[in-house]
């Protein structure tokens, strides 16, 4: 676990210009910092269209949000996070647990995604998915095809 795929031509555009070439490391690091997730000790490297995240984050949710925040960037096709560790109060940082991500398809909404991920009749849990993807999501209706969302475990919420 550690390499996460994204759709290169879907996502937030950073910088200026018309192409979907990947942004540089400083731009991606600035975008990650703008979400104020607690990633000040995370280093970003960009090689071709892949981002590598290195460092330590406080918990699993920050790990997942960091991956999603940089992966949902126009021009990025993958995020390598095997060198991104989770502190979780341990004496030594540990590898992160395998997260659950969902790639939005045309016609999706958070209710449909919640029912698909949590089971029929659990669409009302869409708020859990929305909250888990803040601050990258600013409104429950503002999702787009190709965007990758983190799907939290209901038992952990």
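What number goes with the only condition from (1) more than 14 Å from residue 150 (Cα to Cα); (2) part of a helix (DSSP H, G or I) that residue 63 does not pass?
Tallying (1) more than 14 Å from residue 150 (Cα to Cα); (2) part of a helix (DSSP H, G or I), residue 63 fails exactly one: (1).
Check 134, 120, 112 and return the single one that is at pLDDT below 95 and more than 27 Å from residue 28 (Cα to Cα). If you could, list the steps in order and put the result at the bottom.
Numbers: 134 fails: more than 27 Å from residue 28 (Cα to Cα); 112 fails: at pLDDT below 95.
Just a single option satisfies the conditions, and that option is 120.
Please work out which one of (1) within 15 Å of residue 11 (Cα to Cα); (2) outside the structural domain of residue 38 (by TED's automatic domain parsing); (3) assigned to a helix (DSSP H, G or I) is the condition residue 112 fails and give its number.
Of everything listed in (1) within 15 Å of residue 11 (Cα to Cα); (2) outside the structural domain of residue 38 (by TED's automatic domain parsing); (3) assigned to a helix (DSSP H, G or I), residue 112 misses just condition (1).
Condition check: in a helix (DSSP H, G or I) and not assigned by TED's automatic domain parsing to the domain that holds residue 132. Does residue 26 satisfy that? Walk me through how you get there before you give the answer.
Working: in a helix (DSSP H, G or I): yes; not assigned by TED's automatic domain parsing to the domain that holds residue 132: yes.
Taking the combined requirement at face value, the residue satisfies it.
How about region 38-80: which of its residues are within 21 Å of residue 97 (Cβ to Cβ), in contact (Cβ under 8 Å) with a residue 60 or more places away in the chain and crowded, with 20+ Cβ neighbours inside 10 Å?
Once the filter is applied, which keeps residues that are within 21 Å of residue 97 (Cβ to Cβ), in contact (Cβ under 8 Å) with a residue 60 or more places away in the chain and crowded, with 20+ Cβ neighbours inside 10 Å, region 38-80 yields 64, 65, 67, 68, 69, 71, 72, 79.
Which of the residues spanning region 71-84 are farther than 13 Å from residue 5 by Cβ and touching a strand residue (DSSP E or B) at 6+ places or on another chain (Cβ under 8 Å)? Reasoning before the result, please.
Taking region 71-84 as the starting set, the residues that turn out to be farther than 13 Å from residue 5 by Cβ are 73-75, 82-84.
Selection gives 73, 74, 82, 83, 84.
Quick test of your reading of the structure: residue 90 fulfils all but one of (1) surrounded by fewer than 16 Cβ atoms within 10 Å (Cβ to Cβ); (2) modelled with pLDDT of 95 or more. Name the failing condition by number.
(2)
The values are calculated or read from the model by the stated rules, or taken from the named source; none is laboratory data. Given the structure is predicted, the values throughout are model-derived calculations rather than measurements. So basically every Cβ, Gly included, is an ideal-geometry build from the backbone, and we count neighbours across all protein chains shown.
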